[in-house]
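Peer 1: This is the structure, below, for whatever I ask next.
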Amino acid sequence: MNFNKFIGNKAFYKHTLAIALPIMIQNGITNFVSMLDNIMLGRVGTEQMSGVAIVNQLLMIYYLCIFGGVAGAGIFTAQYYGTKDNEGIRNTVRFKILISAFLTVLAFIIFTVFDTQLITSYLRGGSDGGDLSAALHYGRQYLKIMLVGLLPFMMLQVYTGTLRECNETVVPMKAGIVAVFVNLILNYLLIYGKFGFPKLGVVGAALATVTARYTESAIVIIWTHKNKDKHKYIVGVYKKLLIPFSLFKKMVIKGLPLLVNETLWSGGMATLAQCYSIRGLSVVAGMNIANTIYNVFNIVFIAMGDAVAIIVGQLLGADKLKEAKETDTKLIAFSVFSCVIISIIMLIIAPLFPRLYNTTPQARSVAVQFIVAQALFMPQNAFIHAAYFTLRSGGKTIVTFLFDSVFMWALSIPVAFIASRYTNLPAVYLFVLVQLLDIIKCIIGFILVKNGVWVKKIVTKSQ
C-alpha cells in the first residue's frame, strides 16, 4: 500500500490548519467554558444539572436543524467562492436567512407549547434518590430563558457559516472567545450570587448563555458589514430577499435532504438519549457529565469536517477535481489519526473528571463508563464525520441523508429501543451496541468516498 497518498506536504498541513485550527480554538473554548458552566451547575445539585442537560438535548434538535438549513446553501457558498462569484454568495446568504427564520419561529412555538411534555419524556426512569419533579421545574425555568437566545443563534450561524466558507475563520473565533468569557463570568456571578449579584442557579446560567450569544452575534455581524471591501457579497444583501428561481430550486433540492437529515439525526440522538435515560436519573446525570468532556475533545473531528467541506468544496468549484479527491484522502487520514491521540487522552482522564461534580457515586460511575466508551469509538466517529462532509461537498445530499439519519432510524434506534425496553442491559452497554452498528456505516462511507461519486462541480456563473 502506498502510504504517501494519506500524508500531505508542509503546504497541505499549513493550509488545513489555517482553516481548521481557528474553528477548533473557537469550538474548544466554547465547549471548555460550557464544561465549566456544567461543572458549576453540577456542584449545585443533580436535579439542576439533569434538568438543564435535558433541555440542552432538546435544544440541540433546533441547533442542528439550523445547521442543516444553512448547510445546503453553504455547499453553494464554498463553490461560488471558488469561482469568485459575489452575487452567487449574496443569494446563498439570503436563502440562509429565510430558512433559518422559518425554523426559529417553528421551534419557538413547539418549545413554548410542549415544554412540559418534552422534558418529562426523559424523566420516566427511576429517580435513583433524585427528585424528578424538581428536575422538571429547573428544566422549564432554563428553557423559557434560552428561547430568547434563538434569534442571535440563528443569525450567528448564517454569518459565521458564510465567513468560514469564504476562508474567514479567525473573526468567528475571536467573537467566540469574547462570548465564552462573557458567559463564564456571568455564570459565576449569577449562578452563585457573587459580588452582590442575585443567586439565580439555573436561571442565572440561562441568562449568562443568552447574553453571550447576543454579544457574539453582534461582533460577527458588525465586523462583516464594516469590512465590505473584503466581503463584497454583503453589500446590498438586505435590499431584497428575492433569489433567482433556478438557484433557489437548486438550493432547495440540495439543501432539503440536509435539513431533513439534521432534523431526523438530532431527533434520533434525542431519542437514543431517552432510551438510555430509562435506566434512571443517575444515567441522565452520568451521560451529561460524559457528554460535557466529550464535547471538549470532539472539536478535532468536528473542525476537520468543516475543513473538508470548505477545502474540497472550493477545489470542486474551481474545477480541480483530481486535486479535490487527493486532498480529501489526506484530510480524512489526518482527522482519524488526530482522533486516535485524542482518544488516548480521554481514556487517561476518564476516572478523574467525574469527581469534579457534586452528584451521587452511581452517577459518577456511569459517567466514567460512558467516557471510556466514547473515547474508544472516537476514531470511528472521525472517519464517519469526514466521509459525510466529503459526500456533502460534492452535493450528494440524498446520499448523505441515507448514510446518516436513515441509517439511524432504520437500525440504531430500533435496536436501542428494543434493548432498553426488553432487556436489562446497563445504559453504557446500550451505547456500545449502537456504536458497533456504525461499523456498517464506516464500510458504506469508505466505499462511497473511494468510488468518487461526490467528485462534481455543481455551480455555474451567476448572471
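The values are calculated or read from the model by the stated rules, or taken from the named source; none is laboratory data. Remember, it's a predicted structure, so these values are computed and weren't measured experimentally. Cβ atoms come from the backbone with ideal geometry, glycine included; neighbour counts cover every protein chain shown. Just the protein is used for accessible areas: all its heavy atoms, side chains included, with ligands, DNA and RNA removed. Shrake-Rupley method; radii C 1.70, N 1.55, O 1.52, S 1.80 Å.
Peer 1: Could you list, in sequence order, all residues of region 171-186 that are over 17 Å from the mean Cα position of the chain (by Cα) and over 13 Å from residue 224 (Cβ atoms)?
Peer 2: The answer is 177, 178, 179, 181, 182, 183, 184, 185, 186.
Peer 1: Could you grab the pairs with beta carbons closer than 8 Å, sequence gap of 6+ or different chains, first residue in region 317-329 and at pLDDT below 85, second one outside any helix (DSSP H, G or I) and open to solvent by 90 Å² or more (accessible area, probe 1.4 Å)?
Peer 2: So the pair list comes out as 321/456.
Peer 1: Just the residues that are β-branched (Val, Ile, Thr), part of a helix (DSSP H, G or I) and open to solvent by less than 10 Å² (accessible area, probe 1.4 Å), please, taken from region 161-172.
Peer 2: Matches in region 161-172: 162 only.
Peer 1: Enumerate the helices (runs of 4 or more DSSP H) found wholly within region 387-463, keeping only those where 2 or more residues are within 30 Å of residue 244 (Cβ to Cβ) and touching a helix residue (DSSP H, G or I) at 6+ places or on another chain (Cβ under 6 Å).
Peer 2: Once the helices (runs of 4 or more DSSP H) in region 387-463 are filtered for at least 2 residues that are within 30 Å of residue 244 (Cβ to Cβ) and touching a helix residue (DSSP H, G or I) at 6+ places or on another chain (Cβ under 6 Å), what remains is 397-401.
Peer 1: From 91, 86, which residue is under 19 Å from residue 242 (Cβ atoms), at pLDDT below 85 and more than 20 Å from the chain's Cα centre (by Cα)?
Peer 2: Exactly one residue qualifies, and that residue is 86.
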